[in-house]
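Peer 1: The following block contains the structure, expressed as C-alpha cells.
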Amino acid sequence: MGGFQLLGIIVLVIGILCMVAEIFIPSFGVAGGVGFLAMTVGIIMMAQNFAQGLLYFAIMLVISVLFLILGYHFIGSSKIALKNNLNEDILPDYQRLIGKRGRSVTPLRPSGTIELEGERYDVLTKGEFIATNETVEVAAVENNRIFVGRI
C-alpha cells in the first residue's frame, strides 16, 4: 500500500467522522458537507485509476443513500433533542379559583397581583382599574391567565 493510498484512507476516515459528528452536533450541514467532500477525496486518492475511483464513488453514494433512508425510517421526523415533555399535570389548575374572593396587593391596571387564600397570583382585569387593597373575585381562567373583577 502506497503512501498516497494510506493518506486516502486517513482522509476517508476523517470524512466518516465528520458525518458522524453531524448527527450529534448541529452544524447546519457544515460538518456533513466537509465529511462528504473528505470521503469523496479519500476514495479518489485510494483508487488505482479513474474507473476504479468512479466505482468506489458510486458505491459510497449508494451506501450513503441507504444510511439516509434507514436513518429516516428508524428516527423518522421526530425531534431528537427538543421533545416537548410538558404534561397537563405540570400546569397549575387555576379553574378551582373561579368564584373565590381575594384582595389586590398591587394596583390592577389591568394586570397586577392579588392575594387569595394566602397565595399570590398574577392576574388581569377585563380592562378596568382596581386600586390596592380592594376586594376582587376571580371571574374566569383562560389559557392559564386569571381574570378578576371588582366586587
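Peer 1: Tell me, please, whether a residue that is farther than 15 Å from P92 by Cα and of a type in the set (S, T, N, Q) can be found in region 137-146.
Peer 2: no
Peer 1: Could you figure out which of (1) modelled with pLDDT of 80 or more; (2) within 35 Å of the chain's Cα centre (by Cα); (3) of a type outside the set (S, T, N, Q) isn't true of F129?
Peer 2: Of (1) modelled with pLDDT of 80 or more; (2) within 35 Å of the chain's Cα centre (by Cα); (3) of a type outside the set (S, T, N, Q), only one is false for F129: (2).
Peer 1: Since E128 meets every condition but one in (1) surrounded by 14 or more Cβ atoms within 10 Å (Cβ to Cβ); (2) not in a strand (DSSP E or B); (3) not basic (K, R), which condition does it not meet?
Peer 2: Here E128 clears every test but (1).
Peer 1: Is one or more of the residues making up region 36-49 aromatic (F, W, Y), assigned by TED's automatic domain parsing to the domain that holds I16, at pLDDT 85 or above and out of contact with any strand residue (DSSP E or B) (no Cβ under 9 Å at 6 or more places or on another chain)?
Peer 2: yes
Peer 1: Could you say whether any residue in region 10-31 is modelled with pLDDT under 80 and in a helix (DSSP H, G or I)?
Peer 2: Scanning region 10-31, I find at least one residue that is modelled with pLDDT under 80 and in a helix (DSSP H, G or I), so the answer is yes.
Peer 1: Moving on to the next point. Does region 68-91 contain at least one residue that is of a type in the set (F, W, Y), modelled with pLDDT of 85 or more and part of a helix (DSSP H, G or I)?
Peer 2: Quick first cut of region 68-91, residues of a type in the set (F, W, Y) only: 72, 74.
From the residues that got through so far, the ones that are modelled with pLDDT of 85 or more too are none.
Scanning region 68-91, I find no residue that is of a type in the set (F, W, Y), modelled with pLDDT of 85 or more and part of a helix (DSSP H, G or I), so the answer is no.
Peer 1: Residue by residue through region 12-41, note down the ones that are aromatic (F, W, Y) and at positive phi.
Peer 2: Result: F28, single match.
Peer 1: Starting from residues that are of a type in the set (A, V, I, L, M) and touching a strand residue (DSSP E or B) at 6+ places or on another chain (Cβ under 6 Å), keep the ones in region 125-145 and report whichever is farthest from G99 (Cα to Cα).
Peer 2: Initially, region 125-145 is screened for residues of a type in the set (A, V, I, L, M), giving 130-131, 136, 138-141.
From what's left, touching a strand residue (DSSP E or B) at 6+ places or on another chain (Cβ under 6 Å): 130, 136, 138-140.
On the way: I130: 17, V136: 10, V138: 5, A139: 6, A140: 8 Å.
So the residue we want is I130.
Peer 1: Also, I was wondering about something else. Output the number of residues of region 104-124 satisfying the condition of being assigned to a loop (DSSP other than H, G, I, E, B) and under 10 Å from V148 (Cβ atoms).
Peer 2: 1
The values are calculated or read from the model by the stated rules, or taken from the named source; none is laboratory data. In this text the structure is predicted, and so the values were computed from the model without any measurement. In this analysis, Cβ positions are derived from the backbone assuming ideal geometry, glycine residues included, and neighbour counts consider all displayed protein chains.
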